[in-house]
Amino acid sequence: MEYNYLQMYTQHYGLIFFEEFFLGIWNNYRIFQYLNVLFIMMIIFLFYRVTDLFFDSPRISLYSLMSVTVFIPMHVYVVYVYGDLGSIALCMLCLWALLKWNITSKLRYVLIALFSASIATLIRQNSLIILLAILIGMVIHAWKTWNWKKFVVAIAVLVLPLLSVQLVEGIYEIRSGREIGAGLPAVVWFSMGIQQDSNGVGFDTAYDESIWWHSDCDPEKTAEAAIKDIKHRWEEIKGDPALIRELIRYKALEQWIEPTFTSFTMTGKFEEPANAVVETLYFGTLPDYICRFMNFYLFVIYACAFLWAIRGVFRKEGMLTSIMLIAFVGGFLFGMIWEAKGRYMMPYAMMLIPYMACGLSQTQEKLLSLFQKGK
């Protein structure tokens, strides 16, 4: 805890708590890669189950199952020792449990939802975006049905994870005798998110660490310096509306049409010489084919989800069915104001898969109907 990294990135204490628990079982980082295998299995199964609860259609559920199974970046991240896959799996578990509770009113589903939401937030605090979407959907649903229990559970889904973060930090403070400071203020990532260099708009340039060190590792001074940089950046671009539009457009495109979601970049580091399989996956012709496939795959996701949304304008969908779409919108807005990275956007792109499956099924039905009329 004396290491300056943790003084900056205090949000990692939850992940450390999770990792410390499992390293106590087996003191080898590979345990997290094996856990990632289990998380991928959970993601595939839960996307199928949630889609079934959303639309109650075997064909739509099948399309969703097939689509999430061939989401290649998720499989590439299996070796990435971080909380990304666990966060997605546990957020989906939370959503599935709440949907089941809405149908059955059994308490065990509420407990599963609260537990999974808390762990998801501990290992990846960006999970709060998905949990906030669940809160919004649940609160509106509770208001429409005049059910106070649903309102209380919706609030608990967000409040309890935040309390769990405070609890874990308190545990480490007691164990160490050291106070955990405020860390890097959020405004630093916003400031970095509007910078531009040869890599693109908003990419990590070590700006956060640099401004921290130049501010004598003081959170208040760091925030003041970041705000000063934001004002300076605004003075540079405010007189050129075309430039502002281009920056927004570029930042959206660089995150949302990168077909691998930086999975090969983030995992392409080796502790030993690559074997034949790894050599083929990272350095052969296969990456090019994967990029081409995922480029087409993303087009299908975006296009069919858009078709579902267009049809939804003329048809009443249950509010709970829209939770994953709300999460996608939240992720999109988050990506526009935060540090730019395809890896951060992967969970929110995956949120569109059930709607893509439904849009594809509806389009298929419409085309078959037109074909029959044509005959």
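If the segment from Y9 to M41 were pulled out straight at 0.36 nm per residue, it would be longer than the present Cα-Cα gap by 8.5 nm.
Pairs of alpha carbons in segment 194-291 separated by more than 20 Å make up 58% of all such pairs.
The Cα-based radius of gyration of segment 334-375, divided by its Kirkwood radius, gives an Rg/Rh of 1.35. Ignoring the sites themselves, the chain has its longest run without chymotrypsin sites (Phe, Trp or Tyr not before Pro) in a DSSP loop having at most 15 other Cβ atoms within 10 Å at 147-269.
Taking the accessible area of the chain, probe 1.4 Å, and keeping the other protein chains in place, the carbon and sulfur fraction comes to 66%.
Overall size of segment 229-375 from C-alpha positions, given as principal axis extents largest first: 58, 53, 30 Å.
Of all lysines in the structure, the ones whose alpha carbon falls short of 29 Å from that of K228, not counting any fewer than 8 places away in one chain, are K238, K251, K341.
Report summary: the helix-based calculation at 222 nm, which adds -39500 (n - 2.57) for every DSSP H run with n ≥ 4 and divides by the residues of the chain, gives -24500 deg cm²/dmol.
The separation of segment 94-170 from segment 239-257, counted between C-alpha centres, amounts to 34 Å. Rolling a 1.4 Å probe across the protein heavy atoms gives segment 268-375 an accessible surface of 56 Å² per residue. Take every Cα pair under 8 Å whose residues are at least 6 apart in sequence, average their separation, divide by the length of the chain, and the relative contact order is 21 percent. Along its three principal directions, the equivalent ellipsoid of segment 89-129 from the Cα gyration tensor extends over semi-axes of 20, 9, 6 Å, largest first. In a DSSP loop and with at most 14 other Cβ atoms within 10 Å, the GluC sites (Glu not before Pro) in segment 1-93 are E2. For the pair I140 and Y80, label points projected 7 Å from Cα toward Cβ lie 2.9 nm apart. Counted by Cβ distance under 13 Å from P73, the other residues give a net charge of 0, where Lys and Arg count +1 and Asp and Glu count -1.
Of the GluC sites (Glu not before Pro) in segment 100-181, the ones in a loop by DSSP (not H, G, I, E or B) with at most 13 other beta carbons within 10 Å are E179. Scaled to the globular estimate 2.2 N^0.38 Å, the Cα spread of segment 68-189, given as radius of gyration, is 1.21. Accessible-area rank, largest first, for K228, K100, K251: K228, K100, K251, with all protein chains present and a 1.4 angstrom probe. Take the Cβ atoms of I31 and E179, set R0 to 25 Å, and the FRET efficiency comes out at 0.25.
Under a 5 Å amide H cut-off, with hydrogens placed 1.01 Å from N, Q196 pairs with G202 among residues at least 5 apart or on other chains. For the chain, the Kirkwood hydrodynamic radius from C-alpha pairs, put into Stokes-Einstein at 10 °C and a viscosity of 1.306 mPa s, yields a diffusion coefficient of 71 µm² per second.
The values are calculated or read from the model by the stated rules, or taken from the named source; none is laboratory data. Note that the structure is a prediction, hence the values are computed from the model and not measured. Because the Cβ atoms are built from the backbone with ideal geometry, glycine has one as well, and the counts that use them run over all protein chains shown. These area figures cover heavy atoms from the full protein model, side chains too; ligands, DNA and RNA do not enter into them. Shrake-Rupley method; radii C 1.70, N 1.55, O 1.52, S 1.80 Å.
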